[in-house]
Amino acid sequence: MKKQIKFLNKIFNKPITCLTAYSASIAKLLDGNIDIILVGDSLGSTLYGMKNTRGVTINMMKLHGKVVTENVKKSIVVIDMPYKSYTNKVMAFKNARKLINFTKANVLKLEIQKKTIPIIKYLSKKKLNVIAHIGVTPQSFIDFKKIKIVGKNDQEKKQLLELAVNAELAGAQAILLECVTEKVSKEITASVSIPTIGIGSSKYCDGQVLVFDDLINIDDQKKLPRFVKTYMNFGKETKKVLKKFSKEVKSKKFPNKKFTYQ
Ligand code: KIV
């Protein structure tokens, strides 16, 4: 029998699958094929070409979140709270309610540190579903080149374990682990009863998440982080198609009769 896991009262075959989507077309593709669809604030860098995710606003998340939920019927939709939108309880609740009311997403994701635990507790008490994102938290970085994996020493291991356990106690429904060492991910997964979803955090997590644009290598990147497996090279294939289209237009091969109204 397949191992199963409960998340938001839904039973999933384990491991859980999760990918990002920011648009209607990708949401439709993922719906029902992937367990969880994440409207991540990675859209800042991935879609808008920003250097980091700090320029992402509540309004951007609202618009992309709505377009995704409107095109999802089966999967669970998680939406990120952007940088500086949850610096205190009251602000966090106000913005969380804005995001959920407007988009109808099922769950909020917050990048957390020790000081964010009371916010998780507050939002959970107000009946909002929250995922706690720990390990590498991209909103803490202006320069993504400075990102390093975490959990390599005893101090980091202790901090991460405490954070995960306290996030669960505060009411988090799942923990997202980003770039956490295999040993520590395994230990965290064994120490909490809620699902762990990993990105660059080993096979021991209860689920795996990747940025969709990375999964298909949308822009033919030559250098992606070690944890990214590109299942196809969309960018490279598209460049071939662009050449063919240009050649056919320039040589008047396209549009021929088949593509012309008489
Ligand atoms: O914003 C995002 O897409 C994320 C993933 C990297 C997990 O948080």
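With each label modelled as a point 7 angstrom along the Cα→C-beta vector, the residue 11-residue 236 pair spans 4.2 nm.
For the chain, what does the helix formula give at 222 nm: sum of -39500 (n - 2.57) over DSSP H segments with n ≥ 4, over the residue count, nearest 500 deg cm²/dmol?
-11000 deg cm²/dmol
The simple Förster model, with R0 at 51 Å and r as the Cβ-Cβ distance, assigns residue 47 and residue 165 a FRET efficiency of 0.90.
Computed from label points 7 Å out along Cα-Cβ, the spacing between residue 29 and residue 104 is 2.4 nm. Convex hull volume of the C-alpha atoms in the range 27-152, normalised per residue: 116 Å³. In order along the range 195-208, the Karplus-derived 3J(HN,Hα) couplings, from 6.51 cos²θ - 1.76 cosθ + 1.60 at θ = phi - 60°, round to x, 10, 10, x, 10, x, 10, 6, 6, 7, 6, 6, x, 10 Hz, and Gly and Pro are given as x. Coupling constants for the range 4-10 follow from the phi torsions by the Karplus curve (6.51 cos²θ - 1.76 cosθ + 1.60, θ = phi - 60°), and in residue order they are 10, 9, 9, 9, 6, 6, 10 Hz; glycine and proline get x. DSSP beta bridges confined to the chain are antiparallel in about 10 percent of cases. For the chain, the carbon plus sulfur part of the accessible surface works out to 55%, probe radius 1.4 Å. Calculated over the range 168-262, the projected area of the Cα convex hull averaged across directions stands at 10.2 nm². Largest first and in whole Å, the equivalent-ellipsoid semi-axes of the chain read 35, 21, 18, each the square root of five times a Cα gyration tensor eigenvalue. Averaging the Cα positions of each part gives two centres, and for the range 90-128 and the range 189-262 these lie 31 Å apart.
For the chain, the relative contact order works out to 15 percent when only alpha carbon pairs closer than 8 Å and six or more residues apart are counted. Taking a sphere under 14 Å around the Cβ of residue 32 and counting the other residues whose Cβ falls inside, with K and R at +1 and D and E at -1, yields a net charge of +2. Assuming R0 = 35 Å, can you tell me the calculated FRET efficiency for the pair residue 145 and residue 115, based on Cβ-Cβ distance, to the nearest 0.05? The value I calculate is 0.85.
Considering only 42, 185, 23, the mean-square fluctuation computed in a Gaussian network model of the chain, springs between alpha carbons under 10 angstrom, is largest for 23. Summing +1 for each Lys or Arg and -1 for each Asp or Glu among the other residues whose beta-carbon sits under 13 angstrom from that of residue 250 gives +4. Note on residue 228 and residue 63: the model spin-label points, each 7 Å out from Cα along the C-beta direction, lie 2.4 nm apart. In order along the range 228-245, the Karplus-derived 3J(HN,Hα) couplings, from 6.51 cos²θ - 1.76 cosθ + 1.60 at θ = phi - 60°, round to 7, 9, 8, 7, 7, 10, 4, x, 5, 4, 5, 4, 5, 5, 4, 4, 5, 4 Hz, and Gly and Pro are given as x. Taking the longest Cα principal axis of the chain as reference, the axis of helix 154-170 is set at about 90 degrees. Entry comment: accessible area of the chain is 58 Å² per residue, from protein heavy atoms only and a probe of 1.4 Å.
The values are calculated or read from the model by the stated rules, or taken from the named source; none is laboratory data. Just so we're clear, the structure is a prediction, and the values are computed from it rather than from any experiment. Every residue, glycine among them, receives a Cβ derived from its backbone with ideal geometry; neighbour counts consider all protein chains shown. Remember, those area values only see protein heavy atoms, side chains included, never the ligands or the DNA or RNA. Shrake-Rupley method; radii C 1.70, N 1.55, O 1.52, S 1.80 Å.
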